[in-house]
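The values are calculated or read from the model by the stated rules, or taken from the named source; none is laboratory data. The model shown is predicted, which means the values in this text are computed figures rather than measured ones. Neighbour counts are summed over all protein chains in view; Cβ atoms, including those assigned to glycine, are modelled from backbone coordinates with ideal geometry.
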Amino acid sequence: MSSVHKGAFDSVRDWSHRLAPPWISQVLGRHKRLTLATLFLLALLLPLRADSYQVHILGYIGLFAMMGVGLNVVVGFAGLLDLGYVAFFAIGAYTYALLASPQFGLHIPFWFVIPVAVAIAALAGVLLGIPVLRMRGDYLAIVTLGFGEIIRLVLNNLDPVTRGPQGLSSIDRPSIPLISFTLDTPIHFYYLILIACVLSMFIAGRLENSRVGRAWVAMREDEDAAAAMGVDLIKYKLLAFAIGASFAGFGGVIFAARQGSIFPADFTLMVSINVLALVIIGGMGSIPGVVVGAIILVGLPEVLRDIQQFRMLVFGALLVAMMIFRPEGFISAARQRSEVQRIRELGSVKTTS
Amino acid sequence: MRQTTRSSTSPIKVTLERTLRGMQLDLWAQQAINGLTLGSIYALVALGYTMVYGVLQMINFAHGEVFMVGSYAGFFTLTALFAAGFGQSNLILTLIIVFLVAMVVGGILAVGLERVAYRPLRRAPRLAPLISAIGASIFLQNAVLVIFGPRLQVYPYVFPAGGVSLGNVSITYIRVFIIFLSLAFMLGLHVFVRRTSIGKAMRAVAEDKDTAALMGIDVDRTIATTFLVGGALAGAAGVMVGMYYTQINHMIGFVPGLKAFTAAVLGGIGNVPGAMVGGLFLGLIEAFSAQAIPAVYKDVVAFGLLVLVLIIRPTGILGEVIGKK
């Protein structure tokens, strides 16, 4: 096999000498609970000091973090490169928009639509997963990219159902039934998103350390070896697609409810690329990394609004620089970190002997 | 009463049907020409994807942007030559200069991309160069946007109106030009890859980099050459698209890039004749499908076809079986 055909483990070894000291990850790892509690408290109190627009942006960060957590399951845990992830976000959003707007005169409550939309997104994930089961790497990336574009083009052109580029508007605001409270300000949605985010991260975190998560990682590192060890590749790949998609579907429902109107132009390839980029920049396979990635990728451009013209320019250059100088992301996954550590020790033994 | 009406309309109806059928046929022939024109442009861009995939097993996501920058280079050269009054009097020389400039710019840009964004990542995990390529693509798009603004740039008309008649089908001069020039480029590339020592080195590197290096081939240089040739072809394709559609902006690289990649996969990625066949095939399919179903779905057809080919025959039309990874 030539040098390009290497498993992730080899590449970590090749790249270990380039890693910057991973002190952030170490601190985070050592005081995990404390860090999490502080972050959560911060997220809880942040909107109190922010104006409505800033809260809106914070909500965006939350939505992207949620999608990042979902894509992280597919790309980070299971190692399946998905470039059409926005399709599931769109499916979730359109499911809610069609079931709770004047378009068909349906007004199904938000809370009932969530499980429906999540199920539809998961099903779409499986449907995409079946044909691409045997593909790896770049081919998978392109097929998923094609899938994402097809969904967007269909939404854009299926006028009788989606009203094409005009989009769907007057989407119902969610309300809490017993106390008849309607969510309609950015702050309300911020807290809804925060809850959804924490829930997603909790689920993803539990999955990571479960039997399923270990099977995914085994599959990511070496499919053949994993299969030989009894990992049912088909089952775990489809599971990764379905679970990853359901997070995006959930996010899509909240997005549609928050925006009040949605358009096919909200679901371009750029969204998929942004989510992928935040997963990678934050640290692939690491959930705190996803949060950091979302803050950097969604928050920073807002801070840089004055130089709007240049922000995508900077973003592109940042992606390239990141891959060259810190490919494991700002906060690397614990597993990867331990591997790097072990390889370092092995390396030092070799050089001293 | 009834009888008479029927007998009187019947001959008219028959003639009408006959004319319609005739028109239909001409329309299809016309679409075939459109398809070939578009397809040969796809093929030129697809060659860059396929050659790079051949030597590096990576998708050069920024290749569409090389094409776009080539189109801009051609635009400025062409406009300048016309403004100086040189273009009007020396059409052939002007075309040669414009294509040369666009190809040199495209080639240099592609080599620069390889040097900055891909070479440091050659031994990195497979995801890394792909992300880097996406980053480079976003960077180039926005660099052009920042420098030249979002407005459409209008290519000056180079070719006289009218064209060659082929029965009832007329082919405009620009189409004839595009089809023949791209065929010439493809033929040239085929000879280059098959007959020259650099071409041989490319094939060796595509086969196995380490062994090629052991045989004394300068792998870095061969890869750079591959990018140079692919970039030059993309630059030429950029000028063709500019002349064909007459309007360009910073986004023109995206969809044609995806389509060209589709073409490369259709033909069997890594396979040089495959990219040519795939490009022409995709162009024809797109043109014919525009005749059969609403035109807005033509991109759906292209991507649907891509997904289908990858599922049924992932090695493409002419592809050989390559490694799973």
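Some notes on this structure:
- Of all the numbered requirements in (1) surrounded by fewer than 21 Cβ atoms within 10 Å (Cβ to Cβ); (2) among the polar types (S, T, N, Q); (3) touching a Gly at 6+ places or on another chain (Cβ under 6 Å), B:S89 misses one, and that requirement is (3).
- Within segment B:118-145, tally of residues that are over 14 Å from B:V69 (Cβ atoms), touching a residue at least 40 places away in the same chain (Cβ under 8 Å) and in a helix (DSSP H, G or I): 6
- Residue in segment B:233-241 that is away from every other protein chain (no Cβ under 14 Å), over 20 Å from B:R123 (Cα atoms) and more than 15 Å from the chain's Cα centre (by Cα) present: no
- Residue ranges of helices (runs of 4 or more DSSP H) in segment A:155-225 with at least 1 members surrounded by 17 or more Cβ atoms within 10 Å (Cβ to Cβ) and among the polar types (S, T, N, Q): A:159-162, A:186-208
- Cross-chain or 6+ apart pairs with Cβ under 9 Å, segment A:217-229 first and in contact (Cβ under 8 Å) with a residue 12 or more places away in the chain, then β-branched (V, I, T) and assigned to a loop (DSSP other than H, G, I, E, B): A:A218/A:V231; A:M219/A:V231; A:E223/A:V231
- Of A:P115, A:P109, A:P102, A:P131, all but one fail to be more than 30 Å from A:L192 (Cβ to Cβ) and not small (G, A, S); the exception is A:P131.
- Being more than 12 Å from every other protein chain (Cβ to nearest Cβ) and closer than 30 Å to A:E328 by Cβ holds for only one residue in B:V101, B:V111, B:V69, and it is B:V111.
- Segment B:253-310 - residue that is within 11 Å of chain A (Cβ to nearest Cβ), of a type in the set (F, W, Y) and in contact (Cβ under 8 Å) with a residue 60 or more places away in the chain and, of those, nearest to B:Y53 (Cα to Cα): B:F261
- Residue within segment B:224-232 that is buried (at least 24 other Cβ atoms within 10 Å of the Cβ), farther than 14 Å from B:S40 by Cα and either hydroxyl-bearing (S, T, Y) or within 14 Å of another protein chain (Cβ to nearest Cβ) (or both) present: yes
- Each residue in segment B:206-226 was checked for being more than 30 Å from the chain's Cα centre (by Cα) and more than 20 Å from B:R115 (Cβ to Cβ), and 5 of them qualify.
- Restricting A:G68, A:G59 to those that are more than 14 Å from chain B (Cβ to nearest Cβ), farther than 30 Å from B:L305 by Cα and surrounded by 17 or more Cβ atoms within 10 Å (Cβ to Cβ) reduces the list to A:G59.
- Selection over segment A:119-139 of residues that are among the aliphatic types (A, V, I, L, M), facing chain B (nearest Cβ under 9 Å) and in a helix (DSSP H, G or I) gives a count of 1.
- Among the residues of this structure, B:G188 does not count as one that is at pLDDT 90 or above, exposed (fewer than 15 other Cβ atoms within 10 Å of the Cβ), out of contact with any Lys or Arg (no Cβ under 7 Å at 6 or more places or on another chain) and not in a helix (DSSP H, G or I).
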